[in-house]
């Protein structure tokens, strides 16, 4: 495995045919890097990142972008994204481990709202039919994956794990992370919980109802403002028999 340390990577761009494997990055910084950003209608054609380790690295979240990538056997530890929310979207996750301290991050496999750059470097939207094809392909891929994400040893300022990543394929910390199943939420009387209005308890139930899928809820351990309230919401949902007991 080749190792890079204290390196700065700028303006890198890899197409859907790219395969990036067997690399380790330690204390590296990434600016304005793009992965699989050119328009490509074939759902199976995507940038593959495999057997990679990122430790104590920084990502310029506003400048770095990607779509249609496949992450396999990836280790991310102590990752900074100081400028903005780090979005890892339109991605298939296969044994991706997050460990240590993270800033704000959003993880998703869906293609809603995704854009591409065409052959003339113009930004174009993905049409509705393309989105359906891509999302169906992703769902089928997850049927052959042992586990997708492991966030059990990670602490976040904010972490949004979208329902497009199957909740049963996510390893989590039961103390600060909760599996909410859609059928339990929709069939429960959570609206009768005391002081439910405008609470995190209500918010967590609402996002599961909106997605119509099971979802993993992550308390923001590194966010002093909201952490205790989120943790209390997780406790309440378990006590009410809505959240899984693990």
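Nothing in this text is a laboratory measurement; each read-out follows from the coordinates by a stated rule. Only a predicted model underlies this, so the values are computations on that prediction, with no experimental measurement involved. Because the Cβ atoms are built from the backbone with ideal geometry, glycine has one as well, and the counts that use them run over all protein chains shown.
Using Cα pairs under 8 angstrom and six or more residues apart, how large is the relative contact order of region 157-246, in percent? Don't jump to the answer; show the numbers that get you there.
Working: 117 pairs, mean separation 40.4, N = 90.
Relative contact order here is 45 percent.
Secondary-structure-derived ellipticity at 222 nm for the chain, considering helices only, amounts to -5500 deg cm²/dmol, per-run term -39500 (n - 2.57) for DSSP H runs with n ≥ 4. Can you tell me how region 194-246 classifies by the Cα gyration tensor, rounded, prolate or oblate, using a/c under 1.5 as the rounded cut? It is rounded, given that a/c, with a ≥ b ≥ c, falls under 1.5. Given their separation in residues at 0.36 nm each and the Cα-Cα distance between them, residue 75 and residue 240 gain 55.9 nm when the chain is fully extended.
Here the label points at residue 45 and residue 31, each 7 Å from Cα along the C-beta direction, are separated by 3.2 nm in the simple model.
Here the Gaussian network model covers the chain, with springs between Cα atoms less than 10 Å apart; of 209, 98, 149, 209 fluctuates the most. Spin-label pair residue 187-residue 152: with each label point 7 Å from Cα along the Cα-Cβ axis, the two points sit 2.8 nm from one another.
At a Förster distance of 22 Å, what's the computed FRET efficiency of residue 211 paired with residue 143, Cβ-Cβ distance as r, to 0.05?
Working: r = 19 Å, r/R0 = 0.86.
For residue 211 and residue 143, the calculated efficiency is 0.70.
Here the relative contact order of the chain, from alpha carbon pairs under 8 Å that lie six or more residues apart, stands at 13 percent.
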